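To start, the structure under review is shown below, and the notes come after it.
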Amino acid sequence: MPKWSMVIDLDKCVACQACSVACRIENNTPVVPPEEAELGRAMRWNDVFPMPINPTEETGEYPKVKTQYMTRPCMHCENPPCIKVCPVGATFINEEGIVEQNYARCIGCRFCTVGCPYGVRYFNWYKPEWEAPLAEHLNPDRVEGNGVLEGPAERPLGVVEKCTYCIHRLHKARAQAEAEGRDFRADEYVPACVQTCTGKARFFGDLDDPNSTVTQLAMSSRSFRLLEDLGTHPKTIYLREG
Amino acid sequence: MLRVSPELKQKLIDPLFTPLDRNFKLSAGVLLALIGWGAVMYIRQVFLGLGVTGMGRPVYWSLYIVDFVFFIGISHAGTLISAILRVTGAEWRRPITRVAEAITTFALIVGSLQILIDMGRIDRLPFTFIFGRLQSPIMWDIISVTLYLLGSVTYLYLPLMPDLAIIRDNLPPGVPEWRRKLYEILSLGWRGTREQWVRLEKAIATMAVIIIPIAVSVHSIISWILATTLQPGWHSTIFGPYFVIGAIFSGIGALFIAMTVIRKLLGLEKYIAEKQYRNLGFIFITMNAVWFYFTFAENLGIATGQQTYEMPILATKLWGEFAPSFWLMVACMAVAFWILVVPQLLPKPKPAMKPIPIFSRRFATATAGAMTLFAALLVVSNFVSVPVAAISGEPIASTILWTLLIVNAILFLLSVSQWLKAHPVSATVIASVFVVVGMWLERWNIIIPTVTHPMLVRYAAYTPTLTEISIAVASFAGFTFMFLVFFKLFPAISIWELVEGQVLEEAQAKVTIAHPEISGD
C-alpha cells in the first residue's frame, strides 16, 4: 500500500503561485469577492504566503530583513489533529495516508478548522458561486470512492473542505491502469500543483518505496516539516533554503 | 387535601393567579419581539449560510461559542445551591433552591441552542447520533450537556411536585380550566402520604449526588474542547478547574441578580432574607479569590515561557487590541471583590461618633466626578485629535491621568463603602452585575484572542455582525422570558422545603441542652 507524500524544495520555489492557481482550477474552489477575502474567506487549498506570516523578532527590521516564501498544501499528517476532534468522522485518514473530507457527512461544527494548527481547512460560508466565464469551465470530474464524493465536484453550503492531494487523479490513474490491464505505478499519479510547478520544486510519490524520489529527498539533511515540534508528523515535507 | 398557611398562600400562590398586569404584558411583549427578531435573523442565516456572521478564516468560532460557554457557566448555580449545599446540609439554601434550579434549566436550554445556531449544517444534527465518534470532545460535550439538561429538568421538577399538589388543592375560585388541569396532571397524584415523602426525599438525595459530578464534567468538557486542540493559549491543563470555578462564580452572580429581582417583585423579603445573601456571599468571595488565582496561574506560564506562538496572545490581552476587554474584566472582578469584602472590614458606626468626611455623599460625588473627567480625558487623548489631546496623549501625561483615575476610583469605592455596608443586598447585587459582566468578558478573552492569533495564518480581527448581535440579544431575552413565564405559573419559593425548614428549626429550638457544670463553685 503506497503512502503518498509531497516534498517541496524551497530552494527551487519562486513563489509564482502557479500551484495555487492550478489547485483552484483543478478542484473547483469557489471564488469570493474581495471584501469576503478580506474576512479570510478566500479558499486556498494551496496557499503561498511570507514566512513567518506574522511579525516576530525573527523577521528582522529594515534593512536587516529576511524574506522567505512558504507554499502550503495540506500537510496530510500521520497524526492529524483534525480527525481526532471530528464528532461524526467526516474527516478521516485513508489507508494510503491521505486525510480526506466527507462532504456528505460534515455537520459544519468547525472543530477541525480550529483544531488544525496549519490552517489548511476551509469552510463554505456561502453557497459556492463562480462568475460566468469560470462557471463554464469547471472541472467536470466527479469521483466517488467508498461511496463518498471525493472529486472536485461542487461542495454544499456549510461544510468544511480541504486539499485532497487531488485524490480524483489517483482514482483516474488507477482506473486507466485497470482498463489497460496492467499494474498501477506510483509515478502515474501527481496532484495538479506538482504537475504545474514552474520551478519544478514539488515532488510527489510513495514514501513507503525506499527508491522513490520523495523518500530520497525526505532523507536529505535539508528536509524539515512545518511546526515539527507539534508531533503531527506531516507527510508534506519541505527542503530548507540554502 | 393539602393545606398551606394563609401567609404563604397569599405570598406565593395568589400572585400566580392575578390577571396579567401592564408591566408583565409590556415586558413579555418586548422580550418576544427581541426573540422574534433573533429567530428571523437565524432563519436567514440557515438559508444564506454562516457567511452572514463576522467569522472567517482563522476566526472559525466566535460570539456564539462565547455565549455558549457563558450560559452553560451560569447554569452551575442550581447545582451548587440545590445539590452541593444540600449534601453539605446548609439549611439556609431552602428559599432560593427554586430560583437556582430554574437558572440551571433555562441557561442550559439557551446555552445548548448556541451550539446548534453555530452549526453549519443544522439539518445534519442527527448525524451526531448516527455517526457519533466518542473520541471527539464535541461528543463528550453533547453527552454531558444532554445528561445535565435531563438531570436539571428532573431536579427542577421533583421538588416542584408537592408544591404543585399544594396549588392544586388551594386554587382560588375562577381559575381557568387549563390551569387546573396543568397542576393536576403535573402533580402526578401527589397526596403527601408518608410513603410518597420517603420516596421523594430518596429521589432528591440520589439526584443531588448524581448531578454534582455531571455538573463538574460539563464545564470541564467545554474547557477541554478548547484545551484538546494545539492552539496557543488554549492547550493548557488548568482549563478544566478554571472553567468549573468560573462557572460556579458566574452562576452565583446570576442567582443573586435573579433572586433579588424576584424578591423585590413578589415582596418575598421575609423569606429571601439577609442570611441568604450573607452566606452565599461568603462562597461568592471565595470563588472570586480562586478565580483571581486561576487567572494569574493561567497566564503566568505563558508570560514566563514567552513562546513564539503563545506570547503574542498574552501580549494582545495585556497591552494589545484585547487590552480594553481584558483589563475591564480584571477591573470588574476587583471592584466586585472590593464591594463584597471592604464593607465587611469597616467598623460599625457608633451614634456618638462624628461622621467621617470620607464616607460622605459629597466626597463620593466629587471622586465620581473626578473619575469621569480623567476617563474622558483619556478617551479624548486616545481617540480624538483635538489640542487637548496633544498634552494628555503624552506618555507622562497619560500615566498621570491613569494614576489619578485609579486613585480616584479607589477613593470613590472607599467613600461608598459605608453605604454598601448598610445596604448588603444592594451591594451584593452590584457586585453580581460586575461579576456576570466580567465572566462574559472572560469567555470572550479566552476564545477570541486565540482564534484571531493562530500559528500559520495572518492575524485577523473579529467584529460581530448584526446577525450575531441579534441572536445574542435574543438569547438573553429568551433566558429572561422563560423566567417570566415560569414564575407566573409556578411558585418562586419551594413551599414545602420552606415549611420543612421551619419545622426543623422549631424542633431544634425545643431541644434544651443542659449547661455544663461549673466546677469549684
Qualifying residue in the stretch A:43-58 (condition: surrounded by 20 or more Cβ atoms within 10 Å (Cβ to Cβ) and of a type in the set (A, V, I, L, M)): yes
Residue in the stretch B:392-411 that is of a type in the set (F, W, Y), within 30 Å of B:A364 (Cβ to Cβ) and either touching a residue at least 60 places away in the same chain (Cβ under 8 Å) or within 14 Å of chain A (Cβ to nearest Cβ) (or both) present: no
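Looking for something hydrophobic (A, V, I, L, M, F, W, C), surrounded by fewer than 19 Cβ atoms within 10 Å (Cβ to Cβ), within 25 Å of A:V21 (Cα to Cα) and more than 7 Å from chain B (Cβ to nearest Cβ) - is there at least one such residue anywhere in the stretch A:95-103?
The answer is no; no qualifying residue exists.
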Extreme residue, surrounded by the most Cβ atoms within 10 Å (Cβ to Cβ), among residues of the stretch A:13-34 that are in a loop (DSSP other than H, G, I, E, B) and more than 19 Å from the chain's Cα centre (by Cα): A:V32
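Could you check the stretch A:135-149 and list, in sequence order, the residues that are more than 14 Å from chain B (Cβ to nearest Cβ) and either β-branched (V, I, T) or in contact with a Lys or Arg (Cβ under 9 Å, 6 or more places away or on another chain) (or both)?
Start the filter on the stretch A:135-149 by keeping residues that are more than 14 Å from chain B (Cβ to nearest Cβ), which leaves A:135-146, A:149.
Selection gives A:D141, A:V143, A:L149.
Just one of A:G158, A:G147 is crowded, with 18+ Cβ neighbours inside 10 Å and on the phi > 0 side of the Ramachandran plot; which is it?
On the way: A:G147 fails: crowded, with 18+ Cβ neighbours inside 10 Å.
One residue alone meets the criteria, A:G158.
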Number of positions in the stretch A:163-188 that are part of a helix (DSSP H, G or I), under 21 Å from A:T213 (Cβ atoms) and over 24 Å from the mean Cα position of the chain (by Cα): 1
Subset of the stretch B:435-465 that is aliphatic (A, V, I, L, M) and away from every other protein chain (no Cβ under 14 Å) - its residue that is nearest to the chain's Cα centre (by Cα): B:V436
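Residue-wise test of (1) of a type outside the set (A, V, I, L, M, F, W, C); (2) modelled with pLDDT of 85 or more; (3) within 14 Å of B:P343 (Cβ to Cβ).
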position	(1), (2), (3)
B:F359	no, no, yes
B:A368	no, yes, no
B:L373	no, yes, no
B:N382	yes, no, no
B:E394	yes, no, no
B:T399	yes, no, no
B:L411	no, yes, no
B:V425	no, yes, yes
B:T428	yes, yes, yes
Cross-chain or 6+ apart pairs with Cβ under 9 Å, the stretch A:80-91 first and at the interface with another protein chain (Cβ under 8 Å from one of its Cβ atoms), then part of a helix (DSSP H, G or I) and small (G, A, S): A:P81/A:G115; A:K84/A:G115; A:V85/A:G115; A:C86/A:G115
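Kindly indicate the residue of the stretch B:94-116 that is among the charged types (D, E, K, R) and in contact with a Pro (Cβ under 8 Å, 6 or more places away or on another chain) and also surrounded by the most Cβ atoms within 10 Å (Cβ to Cβ) among those meeting that condition.
Residues of the stretch B:94-116 that are among the charged types (D, E, K, R), as a first pass: B:94, B:98, B:101.
Going one step further and asking which of them are in contact with a Pro (Cβ under 8 Å, 6 or more places away or on another chain), we end up with B:98, B:101.
On the way: B:R98: 29, B:E101: 25.
Applying the filter and picking the extreme gives B:R98.
Could you count how many residues in the stretch B:50-80 are in a helix (DSSP H, G or I) and facing another protein chain (nearest Cβ under 8 Å)?
Of the residues in the stretch B:50-80, the ones in a helix (DSSP H, G or I) are B:50-52, B:63-74, B:76-80.
Then keep just the ones that are facing another protein chain (nearest Cβ under 8 Å); that gives B:50-51.
Total meeting the criteria: 2.
Somewhere in the stretch A:198-215, is a residue within 14 Å of another protein chain (Cβ to nearest Cβ), surrounded by 21 or more Cβ atoms within 10 Å (Cβ to Cβ), in a strand (DSSP E or B) and at pLDDT 95 or above? Show your work before the answer.
As a first pass, look at the stretch A:198-215 and keep what is within 14 Å of another protein chain (Cβ to nearest Cβ): none.
No; the residues of the stretch A:198-215 include none that is within 14 Å of another protein chain (Cβ to nearest Cβ), surrounded by 21 or more Cβ atoms within 10 Å (Cβ to Cβ), in a strand (DSSP E or B) and at pLDDT 95 or above.
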Members of the stretch B:249-272 that are under 15 Å from B:I96 (Cβ atoms), in contact (Cβ under 8 Å) with a residue 12 or more places away in the chain and hydrophobic (A, V, I, L, M, F, W, C): B:I252, B:A254, B:L255, B:F256, B:I257, B:A258, B:M259, B:I262, B:L266, B:L268, B:I272
The stretch B:118-137 residues that are in contact (Cβ under 8 Å) with a residue 24 or more places away in the chain, paired with ones that are surrounded by fewer than 16 Cβ atoms within 10 Å (Cβ to Cβ) and assigned to a helix (DSSP H, G or I) (beta carbon under 8 Å, 6 or more apart): B:I122/B:L116
Checking A:G145 against (1) modelled with pLDDT under 85; (2) of a type in the set (G, A, S); (3) closer than 15 Å to A:N46 by Cα, the condition it does not meet: (3)
Hey, A:V160 among the β-branched types (V, I, T) and away from chain B (no Cβ under 14 Å) or not: no
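Name the residues in the stretch B:352-378 that are under 26 Å from B:Y277 (Cα atoms) and free of Cβ contacts under 8 Å to residues at least 40 places away in the same chain, would you?
Let us first name the residues in the stretch B:352-378 that are under 26 Å from B:Y277 (Cα atoms), namely B:359-361, B:364.
Scanning the stretch B:352-378 gives a single hit, B:R361.
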Residue among B:A492, B:A460, B:A431, B:A474 that is surrounded by 22 or more Cβ atoms within 10 Å (Cβ to Cβ), in contact with a helix residue (DSSP H, G or I) (Cβ under 7 Å, 6 or more places away or on another chain) and in a loop (DSSP other than H, G, I, E, B): B:A492
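The values are calculated or read from the model by the stated rules, or taken from the named source; none is laboratory data. In this text, all values refer to a predicted model and were calculated from it rather than measured experimentally. Counting neighbours? That spans all protein chains shown, and the Cβs are built from the backbone with ideal geometry, glycine included.
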